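A quick write-up on the structure given underneath.
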Amino acid sequence: MKRLITIITLLALVSGCNSVGGAVAVINPLNFTTTGFYPLLIIGELETNLSSLVIDKTKATVTDFNVNPFEILPEKSLIYVMPAVITRSYEKSYDNYYSSLISRYLLMNNFAQVTNDLEKADFVLMASIDESPERRTGTNYSVISLSIMEKDERAVFYSNVVVKSKSDKNFYYHPSKAARPVKELTLLGFEELFQAGLPQAFGVAR
């Protein structure tokens with residue numbers, strides 16, 4: 001109710017009311033100076049969060065991205081993709097879904113051959129994922145790192161990405177809007193790495 005009163009007040013201030021015959025009001029636009037009108041907009045945003053009606057403030061955003069191709073991998077290199085290491089709430093686990101995703105990506109783009117035999121591999125690819133606890137309010141994030149090394153652990157490629165989503169204290173009819181799910185952020189992070197990061201390990205700039 002407080003927000004609704006604020007909206008009505010702002011509309012009245014911006015539009016201006018003029019009495020006609022004591023019974024009917026007609027609205028006449030007012031001319032505002034820069035110093036007077038913008039503070040009203042700021043107050044309106046603080047009180048009602050009007051911009052949330054047209055802007056999705058929870059949209060996932062890449063806040064950091066780095067890529068370092070120390071060497072270009074030879075064509076048809078044999079790569080062993082290790083199970084991804086996922087850290088959630090300080091607990092580590094191993095995941096084959098993301099390693100399978102990486103393997104399919106390499107094969108579909110003809111970047112390299114994938115082997116299940118570590119001894120036969122020319123290079124080893126490691127994925128590390130650090131996910132925030134799942135939150136409805138506050139900030140969710142996912143940090144993904146990809147490393148390619150020779151079997152003597154000498155790094156030939158490294159890339160990482162940070163994806164975040166923040167909940168929104170939304171407009172009057174929607175008191176709050178939750179941050180995007182963490183798994184969605186992780187998938188978006190991999191999409192960014194696949195588009196602009198990993199191809200550079202094979203001499204492809206996108």
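The values are calculated or read from the model by the stated rules, or taken from the named source; none is laboratory data. Since we're looking at a predicted model, the values are computed, not measured. Every residue, glycine among them, receives a Cβ derived from its backbone with ideal geometry; neighbour counts consider all protein chains shown.
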Would you be able to say whether some residue in the range 95-103 is surrounded by 13 or more Cβ atoms within 10 Å (Cβ to Cβ), assigned by TED's automatic domain parsing to the domain that holds Pro69 and assigned to a strand (DSSP E or B)? yes
Consider only pairs whose beta carbons are under 8 Å apart and that are at least six residues apart or on different chains; among these, list those whose first residue lies in the range 109-124 and is among the aromatic types (Phe, Trp, Tyr) and whose second residue is in a strand (DSSP E or B). Phe123/Leu78; Phe123/Ile79; Phe123/Tyr80; Phe123/Ile148; Phe123/Met149; Phe123/Glu150; Phe123/Val156
With respect to Ser165, determine if the residue is in a strand (DSSP E or B) and either closer than 18 Å to Pro83 by Cα or at pLDDT 95 or above (or both). no
Go through (1) surrounded by 16 or more Cβ atoms within 10 Å (Cβ to Cβ); (2) closer than 29 Å to Thr58 by Cβ and name the single condition Tyr90 misses. (1)
If you scan the range 157-169, which residues turn out to be surrounded by 19 or more Cβ atoms within 10 Å (Cβ to Cβ) and over 19 Å from the mean Cα position of the chain (by Cα)? Phe157
Check Asn66 against each of (1) surrounded by 12 or more Cβ atoms within 10 Å (Cβ to Cβ); (2) in contact with a strand residue (DSSP E or B) (Cβ under 6 Å, 6 or more places away or on another chain) and name the one condition it does not meet. (1)
